[in-house]
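A short reminder: the numbers here are calculations on the coordinates, not readings from a lab. Treat the numbers as computed from the prediction; the structure is a model and nothing was measured. As a convention, Cβ positions derive from the backbone with ideal geometry for all residues, glycine included, and neighbour counts pool all protein chains shown.
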Amino acid sequence: MDNAPGYEITIADIGDRFFCKDGQNVLLAMERLGRDGIPVGCRGGGCGICRVQVMGGGKYRTLKMSRAQVSETDAAQGICLACKLIPQGDLHIRALGSLRQSLR
Amino acid sequence: MSFTGVMRPGHTCIRVLEMGPALTHYVDRLGLINTGEDEQGRVYLKAWDEHDCFSIVLREADEAGMDFMGFKVFSTGELDRLEAAVRETGCEVERIAAGELTGCGHRIRFVIPSGHSIELYAEKDYVGNGLGRVNPDPWPEGLTGMQVNRYDHCLLYGPNIPDVVDFFINVLGFDLTERIIDAQSNMIGAFLACSNKAHDIAFIDFPEPAKFHHASFLLNSWEEILRAADIMGMYEIPIDIGPTRHGITRGRTVYFFDPSGNRNEVFCGDYTWYPDREPITWHAEELGKAIFYHDRKLSESFLTVVT
């Protein structure tokens, strides 16, 4: 990429790649670059729309997320919300977001 | 018209993931005033032009969303009458002692068919709006951020909308001001008023119960809506949609999110409701225009993003 510290994020199913600056969350990095692949919701860890799973052994940390959206079991399997996902290395992720339609 | 039963939305308790960023959002950015904290760590906030000691309660929790929404009723006599009316429907009613929320009189709480906890109360400590009641100035100095005037309404998502509407009209004395119907004439959205506003509470059909769509705060003008959106730009507050206009209620609006993902709205300019009017009907196939009048497109997030 460029000289700014950061990591390459690959969205597994579609193979799309984008750059995430050190300390930035994955969803914001995607949005700022005009990319897609992960559904965007509240951007605050509350709604669960941007659920992803980190594949393989990528290094990352997460900020506080709603337990209604990510259980402890989920978290142990690398499931988290992209808006609270801070990479600490290159990551391969899979979007899980299920958009629940509210109106019939 | 006279306000004899339920008067207005009086408070909403919002769950936040972290109190620090939540206070920056609700106090520094929206401009609510912090009126205190209780021994449970809940923080009480009011908008400047409200006279009671709080309207928003923030509770730090592991999940975002809304704990309950409370309405102020005109008198303790009316509260007793409404409690009996709610019990008569077979609905379980919880009595909560005065002081459980700091400065609030005794409350009754019950769960409506959409799964939401609704409260009624008659008394809350008066603190005023800072301008006094004799020869007052029009507004106080020293307000921060968007300077919202007052908490106005909530939109809630859940199932059983026709039952909810029946309860609000026939038990709590609300009027239906606007409704959304699908092709089979099922009511899938409802806007209800206990006052002469276009809505004091609204519901949209959703498979999961007890979901929170937004809490709305009143501003005075389109210019103030634009200024609020500028503040969202300055501080990178995520905007959901707007500034734009709603078809339903005619409100001018911005939807945005707090740091825990709970949606807020700043809005101005609905119409005046009187109880001799008939409700407005919107067809589901025109829902884009009903919700976002200018581009007439329903956003995916309006229908799916809730806490």
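How many residues does the stretch B:47-84 hold that are away from every other protein chain (no Cβ under 14 Å) and either part of a loop (DSSP other than H, G, I, E, B) or touching a helix residue (DSSP H, G or I) at 6+ places or on another chain (Cβ under 9 Å) (or both)?
If we filter the stretch B:47-84 for residues that are away from every other protein chain (no Cβ under 14 Å), which is where we start, we get B:47-57, B:68-84.
This time we only want the ones that are either part of a loop (DSSP other than H, G, I, E, B) or touching a helix residue (DSSP H, G or I) at 6+ places or on another chain (Cβ under 9 Å) (or both), so: B:47-51, B:53-56, B:73-75.
Qualifying residue count, the stretch B:47-84: 12.
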When both residues are 6+ apart or on different chains and their Cβ atoms are under 6 Å apart, which pairs have a first residue that lies in the stretch B:37-50 and is of a type in the set (S, T, Y), and a second that is in a loop (DSSP other than H, G, I, E, B)?
B:Y44/B:F54
Which number in (1) under 23 Å from B:S55 (Cα atoms); (2) among the small types (G, A, S); (3) touching a residue at least 40 places away in the same chain (Cβ under 8 Å) marks the one condition that B:G189 misses?
(1)
Only unsatisfied item for B:T177, checking (1) buried (at least 21 other Cβ atoms within 10 Å of the Cβ); (2) within 14 Å of chain A (Cβ to nearest Cβ), is (2)
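Of the residues that sit in the stretch B:247-264 and are crowded, with 21+ Cβ neighbours inside 10 Å and free of Cβ contacts under 8 Å to residues at least 60 places away in the same chain, which one is nearest to A:C83 (Cα to Cα)?
Residues of the stretch B:247-264 crowded, with 21+ Cβ neighbours inside 10 Å: B:248-249, B:251-264.
Checking the rest, the ones that are also free of Cβ contacts under 8 Å to residues at least 60 places away in the same chain come to B:251-257, B:263.
Values: B:G251: 30, B:R252: 28, B:T253: 25, B:V254: 21, B:Y255: 18, B:F256: 15, B:F257: 13, B:R263: 15 Å.
The residue in question is B:F257.
Kindly indicate the residue of the stretch B:266-307 that is hydrophobic (A, V, I, L, M, F, W, C), within 24 Å of A:G44 (Cα to Cα) and within 14 Å of chain A (Cβ to nearest Cβ) and also surrounded by the fewest Cβ atoms within 10 Å (Cβ to Cβ) among those meeting that condition.
Here is the first cut: in the stretch B:266-307, the residues hydrophobic (A, V, I, L, M, F, W, C) are B:266-268, B:273, B:280, B:282, B:284, B:287, B:290-292, B:298, B:302-303, B:305-306.
Remaining after also requiring within 24 Å of A:G44 (Cα to Cα): B:266-267, B:291-292, B:298, B:302-303, B:305-306.
Add one more test, that the residue is within 14 Å of chain A (Cβ to nearest Cβ), and what stays is B:291, B:298, B:302-303, B:305-306.
Numbers: B:I291: 25, B:L298: 16, B:F302: 23, B:L303: 19, B:V305: 30, B:V306: 32.
If we take residues in the stretch B:266-307 being hydrophobic (A, V, I, L, M, F, W, C), within 24 Å of A:G44 (Cα to Cα) and within 14 Å of chain A (Cβ to nearest Cβ), then B:L298 is surrounded by the fewest Cβ atoms within 10 Å (Cβ to Cβ).
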